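The values are calculated or read from the model by the stated rules, or taken from the named source; none is laboratory data. What you are looking at is a predicted structure, and each value in this text was computed from that prediction instead of being measured. Every residue, glycine among them, receives a Cβ derived from its backbone with ideal geometry; neighbour counts consider all protein chains shown. In case anyone asks, the SASA skips ligands and DNA or RNA and just uses the protein heavy atoms, side chains included. Shrake-Rupley method; radii C 1.70, N 1.55, O 1.52, S 1.80 Å.
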Amino acid sequence: MLFMLEKAFLRCYMQLFKLLSYLVPYRWPQTFTGSGATKQLLTHIAKQKHRHILLVTDQGLLDLGLLDPIYEQAKALKLHVSTYAGILPDPTVKQIEAGLKQLQHAEADAVLAVGGGSVIDGAKLIAARALNNKPVMKMTGLFHVEKGMVPLYVIPTTAGTGSEVTIAAVVTDTEAQEKLAVIDHRIMPTAAAIDGEIMTGLPPAITAATGMDALTHAVEAYLSHISSASTDEQALAAAKLVFDNLEKAVKAGADLSVRQNMAKASHLAGMAFTKAGVGYIHAIAHNLGALYHLPHGLANAIVMPYVLRFSLPNAKERMAQLARHCGLSQSPDAETAAQALIDKIIAMNQAFEFPAHPPQLEERHFEQIATNARAEARFTYAVPRYMTQAEAVALLGEIKG
């Protein structure tokens with residue numbers, strides 16, 4: 001009875017949240033898309049007359065020389081650039097503070113993020129810390145970045161997170177072993193380059209995992225109870241692009257048109273979930289990342305079929321519509337079409353050689369993961385079906401296998 005009352009309350013709360021979201025002054029970043037997008041963004045930055053820019057990235061991209069063309073273009077445009085390459089997967093407070101010191105030392109007045117989701121999240125928090133005199137952990141939750149951030153420009157190097165169009169950044173609390181989100185419209189990037197060309201050298205495993213992250217954003221945004229006509233359009237388009245292009249991108253990574261399609265999919269999915277939100281797939285995956293350092297896209301891919309099966313009783317019509325739109329089923333029977341969506345995701349995971357049951361997952365952590373995931377979702381995600389603690393623990397048992 002108590003759980004039924006809680007569900008009713010949460011449904012009402014999320015509808016209020018949807019109404020309030022329309023009052024938030026969203027400002028989508030200026031975007032440069034397609035061939036030459038990176039150069040166009042750098043030219044745009046040069047016109048803003050910043051004194052000095054902090055380029056935030058990870059050491060791997062730096063070592064591979066993938067940033068060399070960006071440095072050459074910046075030099076030609078007379079942009080003064082310093083580099084902070086200390087962001088690792090699942091960025092921590094310590095990494096953010098180190099980046100802030102680098103920004104202050106360089107007297108930078110803008111940030112350029114070049115990398116995947118972790119890099120972009122880290123850059124958002126460095127840019128926010130530059131103007132907000134309080135610890136990162138005091139900015140977690142909703143709308144605690146009161147003073148905004150210095151201008152942030154973004155060049156995503158993976159087609160997955162859509163972070164260039166989100167108002168969220170995830171930080172890892174290493175002591176509590178959990179991931180926390182900073183959610184505020186004031187951390188939306190200023191401008192971004194959606195450039196498939198910069199992604200052509202991505203290894204197949206990273207391509208697959210980040211692509212499944214984009215698919216998760218699209219699926220969860222479409223199944224959200226606070227979705228709208230615009231987020232539905234973005235989510236459907238993004239999901240179809242992933243289903244049509246991701247396997248090709250994994251097999252033929254140098255195909256520029258396929259890479260650009262995946263970059264577009266990630267971008268659209270990011271826009272969809274920025275307003276409609278995500279769900280239990282992300283809530284559980286965040287915990288798998290915090291506890292076991294499982295890459296976020298991989299964790300989402302593994303968890304997705306299990307959560308979709310759990311959600312099926314409350315979401316089969318929407319899942320069926322998604323499956324039909326993406327050409328996965330033309331069955332008039334909703335349950336059959338919805339199952340085709342789940343089956344396709346399982347088949348893709350198998351093709352990418354993702355484990356159905358992550359070996360890292362330990363039964364002793366089930367209660368902790370279930371508690372954290374339910375708490376994350378409770379007042380943040382408009383999920384189609386809410387979980388009790390027992391249901392969440394049981395689902396983790398299925399994932400473990």
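Here are the numbers for the structure shown:
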{"read-out": "In degrees, nearest ten, helix 389-400 long axis to first principal axis of the chain (Cα)", "value": "70 degrees"}
{"read-out": "Added length on full extension, which subtracts the Cα-Cα distance from 0.36 nm per residue, R27 to L77", "value": "15.3 nm"}
{"read-out": "Protein-only accessible surface order, largest first, of C326, C12 at 1.4 Å", "value": "C12, C326"}
{"read-out": "Antiparallel %, DSSP beta bridges [both residues in region 64-214], to 5", "value": "40 percent"}
{"read-out": "In Hz, Karplus ³J(HN,Hα) per residue of region 215-221 (6.51, -1.76, 1.60; θ = phi - 60°; x = Gly, Pro)", "value": "4, 4, 4, 5, 5, 5, 5"}
{"read-out": "Computed E for T174/H144 - FRET, C-beta separation, R0 22 angstrom, nearest 0.05", "value": "0.60"}
{"read-out": "Rounded to 10°, Cα long-axis angle of helix 334-351 versus longest principal axis of the chain", "value": "50 degrees"}
{"read-out": "Distance violations [Cα-Cα > 30 Å] among K101/K251; K275/K316; K101/K264; K7/K400", "value": "K101/K251; K101/K264"}
{"read-out": "Accessible-area composition of the chain, carbon plus sulfur, in percent [1.4 Å probe]", "value": "57 percent"}
{"read-out": "Per residue Cα convex hull volume in Å³ - calculated over region 199-245", "value": "65 Å³"}
{"read-out": "For T31, distant residues with modelled amide H under 5 Å away", "value": "A192"}
{"read-out": "Alpha-carbon spread of the chain, three principal axes, descending order, Å", "value": "61, 44, 41"}
{"read-out": "Label-point separation in nm, H293 to Q368, each point 7 Å along Cα→Cβ", "value": "1.6 nm"}
{"read-out": "Where T274, T371 fall by accessible area, highest first, once all protein chains stay in place (1.4 Å)", "value": "T371, T274"}
{"read-out": "Accessible surface, region 104-191, averaged per residue in Å² (probe 1.4 Å)", "value": "32 Å²"}
{"read-out": "Cα-projected label distance for R309 with Q59, points at 7 Å along beta-carbon direction, nm", "value": "4.0 nm"}
{"read-out": "GNM result for the chain, Cα springs below 10 Å: residue of T207, T158, T33 fluctuating most strongly", "value": "T33"}
{"read-out": "Fully extended contour minus Cα-Cα distance, from S35 to H185, at 0.36 nm per residue", "value": "51.1 nm"}
{"read-out": "Accessible area of D173 in the full protein assembly, 1.4 Å probe (Å², nearest 10)", "value": "40 Å²"}
{"read-out": "Karplus-derived HN-Hα couplings along region 139-154 (A = 6.51, B = -1.76, C = 1.60, θ = phi - 60°), whole Hz, x at Gly and Pro", "value": "9, 5, x, 9, 6, 10, 9, 4, 9, x, 8, 5, x, 10, 10, 10"}
{"read-out": "Where only C-alpha atoms are counted, convex hull volume of region 129-231 per residue in Å³", "value": "146 Å³"}
{"read-out": "Fluctuation leader among G115, G65, G327 - the chain, Gaussian network, Cα springs under 10 angstrom", "value": "G65"}
{"read-out": "Angle in degrees between helix 256-276 and the longest Cα principal axis of the chain, rounded to the nearest 10", "value": "70 degrees"}
{"read-out": "FRET E, pair S228, Q104, Förster distance 35 Å, beta-carbon r, rounded to 0.05", "value": "0.30"}
{"read-out": "Efficiency of FRET from Cβ geometry, T92 and N133, R₀ 25 Å, rounded to 0.05", "value": "0.80"}
{"read-out": "Distance (nanometres) between label positions extended 7 Å along Cα→Cβ at A375 and A394", "value": "2.4 nm"}
{"read-out": "GNM top mover of L215, L131, L246 - the chain, alpha-carbon springs below 10 Å", "value": "L131"}
{"read-out": "Whether region 244-302 is rounded, prolate or oblate, judged on the alpha carbon gyration tensor where a/c under 1.5 counts as rounded", "value": "oblate"}
{"read-out": "DSSP bridge pairs, the chain: antiparallel proportion in percent, nearest 5", "value": "25 percent"}
{"read-out": "Kirkwood hydrodynamic radius of region 308-401, from inverse mean 1/r over distinct Cα pairs, in Å", "value": "14.8 Å"}
{"read-out": "For region 245-253, 3J(HN,Hα) per residue [Karplus equation, 6.51 cos²θ - 1.76 cosθ + 1.60, θ = phi - 60°, Hz, x = Gly/Pro]", "value": "10, 5, 5, 5, 5, 5, 7, 9, x"}
{"read-out": "Coil-residue trypsin sites (Lys or Arg not before Pro) of region 101-167, DSSP, other Cβ within 10 Å capped at 13", "value": "K147"}
{"read-out": "Set of lysines with alpha-carbon distance to K94 below 26 Å, sequence-local pairs under 8 removed", "value": "K124, K134, K138, K147, K179"}
{"read-out": "Whole-Å distance, taken between Cα centres, linking region 39-53 and region 327-370", "value": "43 Å"}
